[in-house]
Amino acid sequence: MEIKAKIKELIEKTARQFNQLQKRQRMLVLFLATAILFSFYYNAIYKPQSSHLAKVKTELTNINNRLVKLKSQLPDIQKEKEALDVAKRNLDSLKAQLSSFELQLPTTGRIPQLLGELVRQAQGLPIDFVSIRPKTSKEKKEYAELIIEMKINSTYSDFANYLNRLESLSQFLRATDIAMEERKDGFPGQSDVTFTLATLLGEAGETKPEELKEPQFAAPLAIERNPFLSKFRPAQEGAKKEEFQLSGIIASGKTPTAIINNEVYRVGDIIGNKKVKQILPNMVILTDGRESTVLTLERE
């Protein structure tokens, strides 16, 4: 209370003194008081606040610059999302293709069907099967592998056509380790053939048990001569040209025939140790795999 009274008394005293001053003196006192107050405000309040505000503005500018720089370095989210969608669609497509391929793989339960199909593919070809030995191998691979060791008796051309059929049977079936050795006995040109077939095996339960389709045979390969028969090797004993008596030819129509030794023969038939290679209107050509014999009609 005493402090307030003293302040009040001081203010009243100052006011009385101010009122006693002349007008010009009062103007000067007001100017000085205003200057003092302005100086106090500027130094005590405005200047520190202005300096702080300038620092804040500088930091804000630096932050904005860093944000702009970071934004320029960041990828376009929309473009990245579109690229991710494309990659996802491609992955789904690859998964669908993989599933489709796996459905075409034989399973362990269908190995007998596959072996039967290998035999069916040889129909119409003079091929003798000696042995078919299937075995499976994993060898730390994702898919098991079925390996089929086969041994047959065949001519070179018939075996080439058989392989051509097998290649059209499945895109996963491949033939390796082919070895051919000419037989010393039997029909000339026939060989002992050993080879290996390999294919991947699908997991049981993943593939659908579908019926095998009827074989779609590829067009026969045109092979003129067995390369395992030498042209310079002496001819084997067998029927001679004089032993074949050509007495008639019917060359009209799709299936020409010839009458040899009073028997009817077509192209591909065997007579003695030779095969009928070609029937022409005025001649028949026989072959034993290394040389040809030409029979002509004797005209009276």
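Observations on the model:
- Three-way shape call for region 1-130 based on the alpha-carbon gyration tensor, with the a/c threshold at 1.5: prolate
- Given R0 = 25 Å, the distance between the Cβ atoms of residue 267 and residue 128 translates into a calculated FRET efficiency of 0.70.
- Remark on residue 280: its backbone amide H falls under 5 Å from those of 285, a criterion applied only to residues 5 or more positions apart or on other chains, H modelled at 1.01 Å from N.
- Residue order for 288, 92, fewest other beta carbons within 10 angstrom first, comes to 92, 288.
- Residue 97 paired with residue 41, simple spin-label distance in nm, labels 7 Å along Cα-to-beta-carbon: 8.0
- Taking every alpha-carbon pair within region 241-296, the share separated by more than 15 Å comes to 36 percent.
- The ranking of 3, 45 from fewest to most other beta carbons within 10 Å of each one's beta carbon is 3, 45.
- Legend: residue pairs 135/274; 151/275; 47/71; 95/135, Cα-Cα distance threshold 31 Å; pairs beyond threshold, 135/274; 47/71.
- Report note on the peptides 244-251, 70-77, 274-281: ranked by the mean count of other C-beta atoms within 10 Å, highest first, their order is 274-281, 244-251, 70-77.
- With bins 10 Å wide beginning at 0, the percent of Cα pairs of region 108-201 falling in each bin runs 15, 50, 26, 8, 1.
- Per-residue Cβ neighbour rank within 10 angstrom, fewest leading, 12, 149: 12, 149
Any read-out appearing in this document is the output of simple, stated calculations on the displayed coordinates, not a laboratory observation. Model, not experiment: these values are computed from the prediction. So basically every Cβ, Gly included, is an ideal-geometry build from the backbone, and we count neighbours across all protein chains shown.
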